1. Counting pairs of alpha carbon atoms under 8 Å apart in space and at least six apart in sequence, what relative contact order in percent does segment 455-584 give?
2. Give me the net charge of Gly233's neighbourhood, meaning all other residues with Cβ under 12 Å from the Cβ of Gly233; Lys, Arg count +1, Asp, Glu -1.
3. Just to make sure I understand: if all protein chains stay in place, what is the order of His547, His223, His507 by accessible area at 1.4 Å, largest first?
4. For segment 511-552, what class follows from the C-alpha gyration tensor (a ≥ b ≥ c being the square roots of its eigenvalues): rounded when a/c is under 1.5, otherwise prolate if a/b is larger than b/c, else oblate?
5. With every protein chain kept in place and ligands, DNA and RNA left out, what is the accessible area per residue of segment 460-514? Probe 1.4 Å, answer in Å².
6. Working from the pairwise distances between different alpha carbons, so that the mean of 1/r is found and then inverted, what is segment 385-455's Kirkwood radius in Å?
7. If contacts are Cα pairs under 8 angstrom and at least 6 residues apart, what is the relative contact order of segment 146-296 in percent?
8. Give me the percent of accessible area attributable to carbon and sulfur for segment 473-536, probe 1.4 angstrom.
Amino acid sequence: MPTLSREGRTGPGTGSTSSGIPGAALVVAGVVTVGLVASVIAARYTGAADAMAGGLTDAGPVVRWALPLVRVVHDVAASLTIGSLLLAATMIPGRTRAESAAPDEPRRAAAFRVATAAAFVWAVAGAVGVVFTFADAAGMPLSDPSFASNLAGSVWPIETLRVALLSTIAAFVVASVAAVSRARSVAVALTALSALGLLVLGLAGHAGGSADHETAVNALAAHLLSAAVWVGGLLALIVLRGALGESLPVVVRRYSTVALWCFVTLGVSGVMSATTRLGSWSDLATPYGVLILIKVVAFSALGVAGVVHRRVTLDRMDSTDAGGVADARGARTRLFVRLAVVETLVMGLAFGVATALARSAPPVPETVANPSNALSLTGYPAPPAPTALDWVTAWRVEWLFLATGLLAIGLYVAGVVRMRRRGDAWPVLRTLSWVVGWLLFLYATNGILGIYGRVAFSWHMTLHMLEAMVLPIFLVLGAPVTLALRTIKPRRDGTLGPREMLLAMIHSRLLAVVGNPIFAATFFFMSLVVFYWTRLFQLALETHTGHMLMTAHFVVAGYLFAWVLVGVDPGPKRWSPALRLVVLFATIAFHAFFGVAMISGTMLLGGDFFPTIAIPWVGGPLADQRYGGGVAWAIGELPSLVLALTVALQWFRTDSAESVRQDRRADRDGDAELTAYNERLAALAKRDANPSR
């Protein structure tokens with residue numbers, strides 16, 4: 001029977017190319033079954049499926065009980081989709097990089113087949129979930145004659161249904177593409193799309209409408225993704241164990257590192273989510289609190305299993321491989337599967353409890369009674385008039401941005417320490433530049449600008465200028481890509497790690513396009529116009545997701561623009577300093593026009609957001625908007641001057657370095673180039689003096 005050899009080719013005596021079916025199917029079915037049973041018991045215990053639990057009217061017992069059960073199937077299928085694609089994209093090894101990236105690689109093809117099936121189940125469960133969610137929210141039985149027409153008219157206007165529909169569409173696209181493609185690059189793209197399709201569900205989760213809205217949404221998003229990667233990766237390993245063959249130890253070890261990150265993220269996000277739902281320790285005695293305790297126990301058990309995997313199972317798998325015994329592959333599989341199956345069943349239990357929690361009433365109400373307009377639209381009460389002291393004392397923690405900034409600083413400093421330990425130098429100014437840039441980011445998003453920028457246009461524009469034009473210069477001069485390439489070890493087994501992804505990005509056609517100074521400058525300026533003069537600005541003001549995307553866009557667009565002008569990291573061939581200065585001056589002119597348009601404009605940006613919240617100390621919204629235009633015009637000039645001076649300094653250093661190089665070459669060869677040039681001039685002069693010759 002054809003099997004997989006160590007290199008992943010078919011060959012005798014190393015194992016079947018199948019994915020372990022029917023054994024793998026039984027494991028997946030077992031996980032789903034445990035999740036369904038746990039969901040039924042938990043819903044019965046908390047009353048989540050009782051009549052009237054979901055709203056003022058009742059859609060019937062079929063909808064009440066089917067909704068959490070469908071969600072269990074949905075979550076397991078989504079997790080298996082993401083896990084299979086992640087393995088196909090990054091963890092399945094090869095003898096060479098070319099072999100591991102080949103479109104006909106059989107192990108990756110098996111992972112694609114699993115992802116296709118799982119994604120189709122995800123899409124079907126998502127579509128059924130949309131129908132049941134509408135029925136539950138509307139209190140309308142499925143047998144109602146007007147059900148179909150009401151569903152069609154509500155699926156897009158209602159945010160919960162719209163988000164679920166977008167997730168379902170993403171799952172269908174993933175399934176369709178995975179069915180016809182086997183390329184590693186496609187696996188990377190589909191992994192990202194699958195993660196996005198799952199993340200959007202955080203907007204419609206039970207935490208998304210809580211009083212502590214932004215903390216709840218951040219925690220829920222991190223919880224969903226980390227759980228899906230952890231559970232889905234382990235399920236995919238079990239399903240694909242036969243196809244992986246001799247490469248199973250390598251893939252398991254790569255997955256173990258990812259699982260550790262997921263474990264930490266899941267724990268932190270779980271604590272954050274629980275704090276928004278529980279008011280005190282005594283709330284743990286409520287039915288909702290008991291379910292949280294069950295999840296804590298399951299989480300702890302999985303943590304212990306993970307420690308056993310890392311300290312015992314992985315070492316034994318490697319030692320079995322080194323022993324070279326005839327049944328090495330079978331022993332290796334048994335060592336891993338024995339504990340992994342138990343883990344996945346516990347994960348299924350946690351999934352089932354989570355679906356019941358999503359429909360259970362928490363001790364802390366999810367909404368605030370009689371909220372102000374500012375609280376309704378921004379998630380926070382209106383801040384008082386700012387004082388000079390508030391520039392230092394006003395803080396409101398944005399946990400996602402705080403974690404991002406601290407992680408970026410920590411990883412960079414760890415890279416510098418690694419270089420120093422091996423005796424290599426790294427410029428101190430680059431380190432300081434990187435750290436200062438992220439400290440500015442943390443101040444902008446967690447300090448006074450992040451607070452008042454949500455309610456006043458002028459403060460928002462100050463925040464915008466800092467995020468898009470000031471801190472990107474510091475980040476770019478920190479040369480993070482260069483540091484990463486010098487400190488991250490290359491993978492020798494053909495898997496795809498951070499270093500390999502960076503190199504692929506550097507040499508990609510996409511970077512060749514976006515790294516063009518004209519494109520970067522056009523994107524930087526036109527995105528301002530599109531953002532502020534469309535409804536995108538209002539969405540960024542009124543929704544947490546829009547606010548996060550706005551912040552990410554400002555920083556990325558500013559980073560790209562600064563990088564094409566003064567960046568030192570590798571990329572497409574850099575334009576000459578003179579041409580870069582031309583692009584910079586043109587962009588400055590357009591940016592000044594942007595500020596003037598706001599100063600002289602009569603149309604209020606952001607729709608009715610600012611008149612609705614009506615902050616007393618702001619004054620007239622249009623006057624504040626014009627003041628914000630002046631801020632954009634004034635603040636934008638200083639970073640532009642810094643960029644111009646930096647380009648000029650790099651120009652000077654390049655010319656100086658070239659002069660030094662030419663002088664050294666002249667010292668080595670006796671200035672042969674100049675001698676040859678003089679001899680040619682002499683020959684031309686001699687020819688001109690004797691025209692007859």
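The values are calculated or read from the model by the stated rules, or taken from the named source; none is laboratory data. If you're wondering where the values come from, they're calculated on a predicted model, not measured in any experiment. Backbone-built Cβ (ideal geometry, glycine too); neighbour counts: all protein chains shown. The protein model used for the area step is the full one, side chains on, heavy atoms only, and it has no ligands, DNA or RNA in it. Shrake-Rupley method; radii C 1.70, N 1.55, O 1.52, S 1.80 Å.
1. Values: 102 pairs, mean separation 53.2, N = 130.
This gives 41 percent for segment 455-584.
2. On the way: positive: Arg254; negative: Glu343.
Its environment carries a net charge of 0.
3. Numbers: His547 15, His223 45, His507 145 Å².
Order by accessible area, largest first: His507, His223, His547.
4. Details: a/c = 4.53, a/b = 2.02, b/c = 2.24.
Here segment 511-552 falls in the oblate category.
5. Values: 2320 Å² over 55 residues.
Result: 42 Å² of accessible area for each residue.
6. Working: mean 1/r = 0.0730 Å⁻¹.
Answer for segment 385-455: a Kirkwood hydrodynamic radius of 13.7 Å.
7. Averaging sequence separation for qualifying contacts and normalising by length gives 20 percent for segment 146-296.
8. Heavy-atom surface of segment 473-536 belonging to carbon and sulfur, 1.4 Å probe: 72 percent.
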